[in-house]
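Derivation of every value follows stated rules applied to the coordinates shown; laboratory data play no part. Because the structure is predicted, anything quoted here is derived from the model rather than measured. Cβ sites come from the backbone with ideal geometry, for glycine too, and all protein chains shown count toward neighbours.
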Amino acid sequence: MDIQTNWTEIRTHFNKCFRTNFHVSIASVDKDDNPTVTPIGSLFLNSNQTGFYFEKFPTKLPTNSKDHKNICILGVNSNTFFWLTSLFKGKFESYPAIKLYGQLGDKRKATDIEIKRLNKRMRTTKWLKGNNYLWGKMEFVREITFTKAEKINLGKMTENL
């Protein structure tokens, strides 16, 4: 999967993943070379093979980035109808999962545009009690530069993609 050619499809896929999971999984490696996975509910992909996430709760990703900047992000479309339809047809019409590889960049103050993107995404849960706790006062983002994308291979079910 070419990251530049397929970037629009990749962005669409990750938007679907967020709607069905409310998070993606980011894998990193600690200073002792142990892998770890962190759920992130605020990943945004830009139009140029870059992205960012709001860094309010993660502790391992920032610590791990001091020694190992490389990460892998897994986005799975967990929509029940998507999976049942695909299982019925014997094939997926779009990617069930994609991995993005990249490097963590600097932590910095979020821009007004980035905060607006977050607020737009979270508007459907704005009235819920936990919304403000999880997504209120998001001030800092961590930049990500992506270098490679990989579709998940599920044999015959994904051979047409």
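Note down the magnitude of the dipole of region 81-160 about its Cα centre, charges +1 on Lys and Arg C-beta and -1 on Asp and Glu C-beta and zero elsewhere, to the nearest 20 debye.
Numbers: 18 positive and 8 negative charges, 60 e Å.
That gives region 81-160 a dipole magnitude of about 280 debye.
Name the residues whose placed amide hydrogens come within less than 5 Å of the amide hydrogen of A110, ignoring near sequence neighbours (fewer than 5 apart) on the same chain.
F140, V141
Calculate the length of the line joining the C-alpha centroid of region 136-161 to that of region 52-88, in whole Å.
Cα centroid to Cα centroid, the span is 7 Å.
Hand me the trypsin sites (Lys or Arg not before Pro) from region 69-161 located in a DSSP loop with no more than 13 other Cβ atoms within 10 Å, in residue order please. Kindly include the intermediate steps, with their values, before the conclusion.
Numbers: sites: K69, K89, K91, K99, K107, R108, K109, K116, R117, K120, R121, R123, K126, K129, K137, R142, K148, K151, K156; in loops: K69, K91, K126, K137.
Those satisfying the criteria are K126, K137.
Would you mind classifying region 61-135 by shape? Square roots of the alpha carbon gyration tensor eigenvalues, ordered a ≥ b ≥ c; an a/c under 1.5 is rounded, otherwise it is prolate if a/b is larger than b/c and oblate if not. Write down the numbers at each step before the final one.
Details: a/c = 2.75, a/b = 1.31, b/c = 2.10.
Note, shape of region 61-135 comes out oblate.
What is the magnitude of the charge dipole of the chain about its Cα centre, with +1 placed on the Cβ of each Lys and Arg, -1 on the Cβ of each Asp and Glu, and no other charges, expressed in debye to the nearest 20? List each step's numbers first, then the result.
On the way: 26 positive and 15 negative charges, 140 e Å.
Once rounded to the nearest 20, the dipole reads 680 debye.
Once phi is turned into ³J(HN,Hα) by the Karplus curve 6.51 cos²θ - 1.76 cosθ + 1.60 with θ = phi - 60°, what whole-Hz value does each residue of region 50-64 show in order, with x for glycine and proline?
For region 50-64, the Karplus-derived couplings read 10, x, 7, 9, 7, 9, 10, 9, x, 10, 6, 4, x, 5, 5 Hz, x marking Gly and Pro.
Mind checking which of A149, I40, G136 is farthest towards the positive end of the chain's charge dipole, using Cβ charges of +1 (Lys, Arg) and -1 (Asp, Glu) about the Cα centre?
Going by the charge dipole, the pick is G136.
Along the three principal axes, how long is region 97-161 when you take its alpha carbons, biggest first, rounded to the nearest angstrom?
44, 30, 17
So what are the three principal axis dimensions of the chain from its Cα atoms, in whole Å, longest to shortest?
Result, largest extent first: 45, 41, 28 Å.
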